[in-house]
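Accompanying notes for the structure given below.
The values are calculated or read from the model by the stated rules, or taken from the named source; none is laboratory data. Model, not experiment: these values are computed from the prediction. Please note that ligands, DNA and RNA were not included when accessible areas were found on the heavy atoms of the full protein model with its side chains. Shrake-Rupley method; radii C 1.70, N 1.55, O 1.52, S 1.80 Å.
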Amino acid sequence: MNSRPDASFRRTNWLSSAAAAIRQVRSLAPIVAAPGARTARPSAVADERASIETRFGIWIQRWWPELGAALIVLSVLGYLLHILTRYALPPSGDSGQWLTIARFYLRDAMPTERTATTMPPLVPVLLAGISFVAPTRPLAVVVLAALCFLALSAVAFMLGKRMTGSATGGLLAVVFVAIAQPQLFEVIAVGAYPQLVAIIGMAVCLLGLLALCESSTTRGWTVLQVGVALTLFSHTPSATVLIPPLGLCLVYLLWSSSDRRELLRASFMSLRPVLLLWGVFILINRDVVFGYANVPATFDLKGPDLLVSTIWTDDAQRLVFGLGAFMACALPFLGTRARAIKANSSVMLLLWIVALAAMVTLAAARHVNTDYPRFIAYFIVPLGLTAAVGLHAFGPSRLVTVGIVVVAALFAGAPALAHLDDSARFYG
């Protein structure tokens with residue numbers, strides 16, 4: 001009698017197990033039997049891939065000006081390094097002068113006729129620092145040239161973005177400032193790295209002034225202070241070039257400010273340390289500094305005629321400077337910039353250019369014995385910037401912007417790089 005309950009229990013347990021198995025098979029049935037079951041996992045992968053492609057597309061659309069500027073700059077930098085390392089030594093004899101003075105900061109012996117105080121310390125100190133990591137000291141000059149080119153390109157991008165409020169303006173500024181001007185590569189080929197660093201410093205000054213034109217902030221004054229220090233302690237003749245545009249722009253800021261007493265206090269507190277240090281340097285080295293303009297080699301290059309012919313006979317340089325000069329005069333009257341004369345970044349940029357032009361005119365009127373083609377380099381940043389900002393003011397589409405970059409690269413950038421090759425061979 002006890003066997004019947006056991007049989008019933010086994011039959012019930014078996015039926016329960018069978019029911020559980022059937023439920024499991026039914027839960028798996030959509031995966032096994034449904035027509036779209038085999039595409040469930042690939043569909044998820046495809047959706048994920050589409051999501052990645054969408055995010056990548058959005059990222060490209062957001063950052064395409066920065067990516068384009070970086071690609072252009074790195075491509076030109078590669079060609080620049082090829083030119084500068086083509087021979088055993090970088091082109092020009094000026095580089096050797098800066099390396100000689102850098103020996104003082106490396107605690108090496110120097111020629112008796114040279115002293116470390118004959119020039120501001122920034123470039124020799126930079127070369128000395130790079131020499132610690134560079135395999136050879138001539139290679140330190142190449143590294144310095146590359147760093148200067150990258151720094152100028154970065155500042156040009158920030159200036160264009162500041163003036164236009166758009167990264168597209170930064171891209172155009174990089175092309176017209178750092179790529180399309182043969183005279184920039186002339187400075188590099190000559191080996192005039194103190195002047196090149198000073199040009200970068202003046203560009204940083206302009207960046208700070210444009211920021212202060214919008215609002216008087218500690219950051220703006222700090223940027224201006226850094227720019228002034230870079231200029232004063234890299235190239236003494238460039239310091240005299242900086243004073244007129246800097247002074248005129250500060251007066252414009254003072255005129256535009258609603259709190260002039262606070263602006264005077266901020267400018268005094270910001271620039272006082274740099275100007276005091278530079279004053280001490282000038283006082284110690286006044287004989288060398290004020291005798292710079294009477295270097296015999298400069299007599300062959302005196303007079304404005306050579307300056308004008310250098311610009312006019314170079315198609316690429318004439319194109320950029322001509323467009324930049326026209327846009328500099330037109331920008332204060334274009335778009336929203338025409339609404340106010342005070343605190344207008346376009347007016348600030350125009351005043352900077354006018355002050356530089358007035359200084360060159362005054363030097364020519366006084367028959368200053370200096371190499372006038374060197375003055376061209378001080379217009380590279382402001383006129384290249386106005387050319388880029390002026391084109392951007394017409395609101396070009398992305399396709400038109402790319403077209404402008406391509407045209408500028410073909411008709412100005414390619415001749416500029418050819419000029420680099422020719423200048424490197426000439427000064428090498």
When the distances between all Cα atoms of the stretch 353-427 are binned every 5 Å from zero, what whole-number percent does each bin get? 3, 12, 14, 18, 15, 15, 13, 6, 3, 1
Accessible-area value, Tyr105, 1.4 Å probe, nucleic acids and ligands omitted, Å²: 80 Å²
Tell me the accessible surface of Arg137 in square angstrom (1.4 angstrom probe, heavy atoms of protein chains only), to the nearest ten. 90 Å²
Two-decimal Rg/Rh of the stretch 129-232 from alpha-carbon positions, Kirkwood Rh? 1.02
Express the relative contact order of the stretch 309-426 as a whole percentage, based on alpha carbon pairs under 8 Å and six or more residues apart in sequence. 41 percent
Note on the stretch 174-266: alpha-carbon gyration tensor, axes a ≥ b ≥ c; rule is a/c under 1.5 for rounded, else prolate if a/b larger than b/c, else oblate; result prolate
